Amino acid sequence: MDEIGQKLRNARIKKGYTIDDLQQVTKIQKRYLIAIEEGQFDHLPGDFYVRAFIKQYSDAVGISSDDLLEEYKAEIPDSQPKEPVQNEEKKNTRSIKEESSSFFSNLGNYIPQIIVGIIVVVIIGVIAFGMMHRSSSSSSVTIPKDNTEKTTKKSSSDTSKKSTKKAAKKTPVKKSTELTVKESDTKGTYTITNLPTDGTDVEVSADNGQAWIQFEEGSNTTWQQALSAGEKKSTKITSDITTFSIHTGNINNTKVSIGGKAVDLSSVSSGDSIVQTLTFNVESK
């Protein structure tokens, strides 16, 4: 058994948790928890999730995840390897300098033509302005004001305003029936109102990278899988459902929309842990 796995297993036993208990606490599948304890990191969805799941495991059993990851950083796969870019940056800088030098060199050849063109444009503009000013002066005619028309318009306007006020008083205020999704006072918990009687679609997608997702309706797991970047999965929820939840292994790469409306995940995305649970409560009409 791997040393880091042994340390986590001892902490779990000391805490009094079984693997099943830990699965309920962390929302990580049992087979992944066992793989971590056995040091079989290649059985996890990817290198990125090795660090994420170990962090979630250690926090659940009372071990400092930062200290643990630092102590065993040589054994844990690096999810974001760095690639040398020095030569490429030098090449791009040299290319920009050569293009800039070439541009200004070619521009110098056309300076006389540019100056002549500007002078021609200015002369044409002055002539056109003089002609427009002369035409405007010759066609200006003073028209006397008609006070009768002004009085008639004012009377019609007052009558129109009175009619509009009467119509506004008679029009009943309609209650909004549009589906809304609003975050409650509890972080990561949302309330859905005005769910259509025929239900609606909940779409979960991965953005900018892979995201492991588990979708539950009540206490039942509907589906779970690792979504690749750009991949999405849609689930139909019916009007009789009262609650459902979405567990994600990477909140930063997860997008959720309900009935075509994007859910604002900014509050949970700003947390310390990328492994998050989103709970949605459906308000009855």
>> Cβ contacts < 7 Å: first residue at positive phi, restricted to segment 254-270; second residue in a loop (DSSP other than H, G, I, E, B) and not polar (S, T, N, Q), any location; separation 6+ or different chain. Result?
In response: 259/179
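Okay, residues lined up against (1) of a type in the set (Gly, Ala, Ser); (2) surrounded by fewer than 18 Cβ atoms within 10 Å (Cβ to Cβ); (3) part of a helix (DSSP H, G or I); (4) modelled with pLDDT under 90:
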residue: 5; (1), (2), (3), (4): yes, no, yes, yes
residue: 20; (1), (2), (3), (4): no, yes, yes, no
residue: 58; (1), (2), (3), (4): yes, no, yes, no
residue: 81; (1), (2), (3), (4): no, yes, no, yes
> Which is touching a helix residue (DSSP H, G or I) at 6+ places or on another chain (Cβ under 8 Å), surrounded by 12 or more Cβ atoms within 10 Å (Cβ to Cβ) and not assigned by TED's automatic domain parsing to the domain that holds residue 54, of 225, 276?
Replying inline: 276
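The values are calculated or read from the model by the stated rules, or taken from the named source; none is laboratory data. Here the structure is a predicted model, which is why all the values come from computation and not from measurement. Don't worry about glycine lacking a Cβ; one is built from the backbone with ideal geometry, like all the others, and counts go over all protein chains shown.
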